[in-house]
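The structure under discussion appears below in the form of structure tokens.
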Amino acid sequence: MILPYSIYKFNIKNFQGIIESSLEGLPENSPWIFITGKNGYGKTSLLRALAIGLYGDIDKADDERRLAGKESLVELQVRIINKDGLSTKRRWVAQAGEYSKHNIPVLAYGPVRIPSEKQIKTTNSNVKSLFFADGDILNDFELELVNLFQNESKADLEWRNDVMNDYNNATSSLLSFNAKFKSEENKDSKLDIIIDKLNKIKTKDNFVADFLNQHQEIFTKKEFSFEDIYALQETYAKFSDIANKLPLYDAINCFLLELMDNIKEIRVENNRLVFFEKEQAKEAKFINQLASGNRMLFTWVGDMLIRLNYRNFKTPKDIKAIVIIDELDLHLHPNWQKNLPCILSENLPNIQFVASTHSPLPILGAPQNSVFLKVSRTEEKGIYVERWEDIEIEIDHLLPNSILSSPMFELRELFPNRHDRNKKIRTEDNYTEIKKRDRIKKELKDREGSELDKKLKSFIQKRRNEKK
């Protein structure tokens, strides 16, 4: 898939330790750009520079606060796909408060993405948290989701009433028709198909179930015309088109459940969201009672949807933007670190994500065509950026130890610090295999000296003698 917006080239000068660093030729179908590097080597500086290139170096949404020094320059080229599917490249330069505006939606998040218990307001700036410690104030997504649920419920009632009227008109016409036909000659199979489809839909929708129960006699009548069948089909088509569309609230609910796989259900009760965990399915919890990883994902992804005006889209999959994230792996279990990139890209396929990480696991879970960058630093060159295209190609076949020992992370020593060099290191593929081998060794040791053990040793010795 070709993204609607993707970074193609950047050139950064005199910005937070970056003397001059540039990179070009980034592919147009890269859903993720991952950035690695040691602490203090410039990952955050690179992310901030990219944010300035996309957003400008003065934050008009935060009291005209300057985001870069007057000597800094960020030149950025972004590939844009227009409505006709044609690709163009646009160049922007941010320097000394001068910046060419564009309409690309841009968000940037710093490492603090968990809301404070005392949080009482939000910031209008879409990039503030990446630059300043006081920028961790996120939107109240719980309130937003409750409001969405209530609004969609009212909308559901309106369209259901319209559909009810259409069906009443069609079935009234069917009843009032005076001509009599023999059912075995004239009963069209299409009517049976319609009723069968309605019966399937009613399992998903109480309104349909009630409607069918009220009109069951009409659907089973043996006197009707073909015109009435077609009228019934037409109104059914309208109903089916609406009834099978997943409401926005349900789509987001499914997205959240996929993100937080320890949550079984999210419901709206008494104007609050309640969460039911899989291991404690009977106990309802509020958002502030969940683990930090849950709270971070819920609040951060919710804030992202709100700032990107998700209500203007039929589904989150239609949202287009570039989103920058510092320290993607914070607060997350290894399983969640690995799965998060793909889940985000599957549910938000028109967004390009640019993220730094200290963990190999998000890279292990990187979607196809992801780009891997590494920042390094020397006194002479300052902060500079390298792209590791060979790892981009080989990543499908690498394990975490290979990624950790690669130039991306430079972990030279994979042995535990407590390891005794005089003892063998375990090299099994996984912990299950280790326990299996230990169990077999124990069983063999327990049988040592038994009659079976003597016969086995005798057989082995005999075969060795035969080979000599």
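The values are calculated or read from the model by the stated rules, or taken from the named source; none is laboratory data. These numbers were taken from a predicted model, which means no experiment stands behind them. With ideal geometry, Cβ positions are generated from the backbone for all residues, glycine too; neighbour counts draw on all protein chains shown.
Among the residues of the stretch 17-55, those identified as more than 30 Å from Ile343 (Cα to Cα) and either among the hydroxyl-bearing types (Ser, Thr, Tyr) or surrounded by 18 or more Cβ atoms within 10 Å (Cβ to Cβ) (or both) are Ile18, Ser21, Ser22.
Take the conditions (1) free of Cβ contacts under 8 Å to residues at least 40 places away in the same chain; (2) within 22 Å of Asn103 (Cα to Cα); Glu386 misses just one of them, which is (2). Criterion applied to Leu332, Leu290, Leu344 was being within 28 Å of Ser125 (Cβ to Cβ), under 16 Å from the mean Cα position of the chain (by Cα), at pLDDT below 95 and among the aliphatic types (A, V, I, L, M), and the one residue passing it is Leu332. Evaluation of Val323 against the conditions (1) crowded, with 18+ Cβ neighbours inside 10 Å; (2) at pLDDT below 90 shows that the sole unmet condition is (2). The residue that is surrounded by the most Cβ atoms within 10 Å (Cβ to Cβ), counting only those in the stretch 370-398 that are in contact with a helix residue (DSSP H, G or I) (Cβ under 8 Å, 6 or more places away or on another chain) and part of a loop (DSSP other than H, G, I, E, B), is Ser370. When Gly42, Gly25 are checked against the criterion of being within 14 Å of Glu386 (Cα to Cα) and free of Cβ contacts under 8 Å to residues at least 24 places away in the same chain, a single residue qualifies: Gly25. Within the option set Asn312, Asn347, Asn288, being without any contact (Cβ under 8 Å) to a residue 40 or more places away in the chain, farther than 22 Å from Tyr8 by Cα and not small (Gly, Ala, Ser) holds for one residue only, Asn312. Within the stretch 406-420, is even one residue in contact (Cβ under 8 Å) with a residue 24 or more places away in the chain and either more than 30 Å from Lys38 (Cα to Cα) or not hydrophobic (A, V, I, L, M, F, W, C) (or both)? Yes - at least one qualifying residue is present in the stretch 406-420.
Taken together, Pro334, Pro407 contain a single residue that is in contact with a Phe, Trp or Tyr (Cβ under 7 Å, 6 or more places away or on another chain), surrounded by fewer than 18 Cβ atoms within 10 Å (Cβ to Cβ) and not polar (S, T, N, Q), which is Pro407.
Does the stretch 414-431 contain any residue that is farther than 23 Å from Asn11 by Cα and in contact with an Asp or Glu (Cβ under 6 Å, 6 or more places away or on another chain)? Checked against the condition, which is being farther than 23 Å from Asn11 by Cα and in contact with an Asp or Glu (Cβ under 6 Å, 6 or more places away or on another chain), the stretch 414-431 yields no hits at all.
Quick check on the stretch 403-415. Is at least one of its residues farther than 16 Å from Leu361 by Cα and either part of a strand (DSSP E or B) or of a type in the set (S, T, N, Q) (or both)? No. When restricted to residues that are at pLDDT 70 or above, in a helix (DSSP H, G or I) and of a type in the set (A, V, I, L, M, F, W, C), the stretch 237-272 contains 8. Taking the condition of being within 54 Å of the chain's Cα centre (by Cα), exposed (fewer than 10 other Cβ atoms within 10 Å of the Cβ) and outside any helix (DSSP H, G or I), how many residues in the stretch 420-461 meet it? The total comes to 8.
The residue that is surrounded by the most Cβ atoms within 10 Å (Cβ to Cβ), among those in the stretch 246-269 that are in contact with a strand residue (DSSP E or B) (Cβ under 9 Å, 6 or more places away or on another chain), closer than 25 Å to Asn312 by Cβ and of a type outside the set (A, V, I, L, M, F, W, C), is Asn253. Selection over the stretch 129-151 of residues that are closer than 30 Å to Ser45 by Cβ, of a type in the set (A, V, I, L, M) and modelled with pLDDT of 85 or more gives a count of 1. Meeting the requirement of 2 or more residues that are at pLDDT 85 or above and more than 27 Å from Pro362 (Cβ to Cβ), the strands (runs of 3 or more DSSP E) wholly within the stretch 1-84 are 5-15, 18-24.
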